[in-house]
Amino acid sequence: EPEVTQTPSHQVTQMGQEVILRCVPISNHLYFYWYRQILGQKVEFLVSFYNNEISEKSEIFDDQFSVERPDGSNFTLKIRSTKLEDSAMYFCASSGGGGQTGELFFGEGSRLTVL
Amino acid sequence: QKEVEQNSGPLSVPEGAIASLNCTYSDRGSQSFFWYRQYSGKSPELIMFIYSNGDKEDGRFTAQLNKASQYVSLLIRDSQPSDSATYLCAVNRYGNKLVFGAGTILRVKS
């Protein structure tokens, strides 16, 4: 069964460092997303990406965040100058027809710990 | 007012019973509604989605939607210990953004 894969599964970084989280969405999907979940809190939308550009972003997704689809398979989330409050589980998701008509398939997540 | 509200639980039911999970949402323009299951430390896994008022059944799961009351529910029949998880309600108005509730913890006791 096709699945969304994410790497790394866990990353520990020092405050102020840059991190890149990687995702390989399901191959025939068109819409890509990043969500995050701080421990014990709800899943929060960060950004959606379609046709090589951001289609929507949340207030959380400020200038320290960026996304990229550098090739035909990978989808990355870059966090510049990490802060302690960026510690969370980051989930990549993809869908075939958008959130309106298609269900999101989530990867297993990348746990980011900022020290 | 929270966009998507769920009772945090835990909701405890005996094995074989019906578990009823509820969700309310604030945006009347919401179009589609999703139930995800999340095991501790794992990613959300889609159980069901519903777009139209009424009931939608899939195996042991039934989703119910009442747009007038801005209410979505999930019924789990013949609950099993493996159903013990956090159930997340998610709502979509348009575009690609899903708004999640904080989830309800379900515990099925054998």
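Every number here is computed from the coordinates shown, using simple stated rules; none is lab data. Just so it is clear, the structure is predicted and the values come from calculations on it, not from any experiment. Using ideal geometry, Cβ is built from the backbone for each residue, glycine included, and neighbour counts are taken over all protein chains shown.
Of the beta bridges DSSP finds with both residues in the protein assembly as shown, what % are antiparallel, to the nearest 5?
On the way: 72 of 80 bridges.
Of those bridges, close to 90 percent are antiparallel.
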Between B:Tyr71 and B:Asp55, how many nm apart are label points set 7 Å from Cα along the C-beta direction?
-> 1.5 nm
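Taking segment A:47-106, which GluC sites (Glu not before Pro) meet the DSSP loop condition and have no more than 11 other C-beta atoms within 10 Å?
Details: sites: A:Glu53, A:Glu56, A:Glu59, A:Glu68, A:Glu85, A:Glu103; in loops: A:Glu59, A:Glu103.
In loop regions of segment A:47-106 (DSSP not H, G, I, E or B), the sparsely surrounded GluC sites (Glu not before Pro) are A:Glu59.
Net charge around A:Arg80, counting only other residues with Cβ within less than 15 Å of its Cβ (Lys, Arg = +1; Asp, Glu = -1)? Present the calculation step by step, with values, prior to reporting the outcome.
Working: positive: A:Lys78, A:Lys83; negative: A:Glu18, A:Asp62, A:Asp63, A:Glu68, A:Glu85, A:Asp86.
Net local charge, A:Arg80 excluded: -4.
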About the Cα centre of chain B, how large is the charge dipole given +1 on each Lys and Arg Cβ and -1 on each Asp and Glu Cβ? Please answer in debye to the nearest 20.
-> 200 debye
Rounded to the nearest 5, the percent of antiparallel DSSP beta bridges in chain A equals 90 percent
Return, ordered by residue number, the residues of segment B:73-109 whose backbone nitrogen is under 16 Å from a label point located 7 Å along Cα→Cβ of B:Ser20.
-> B:73-79
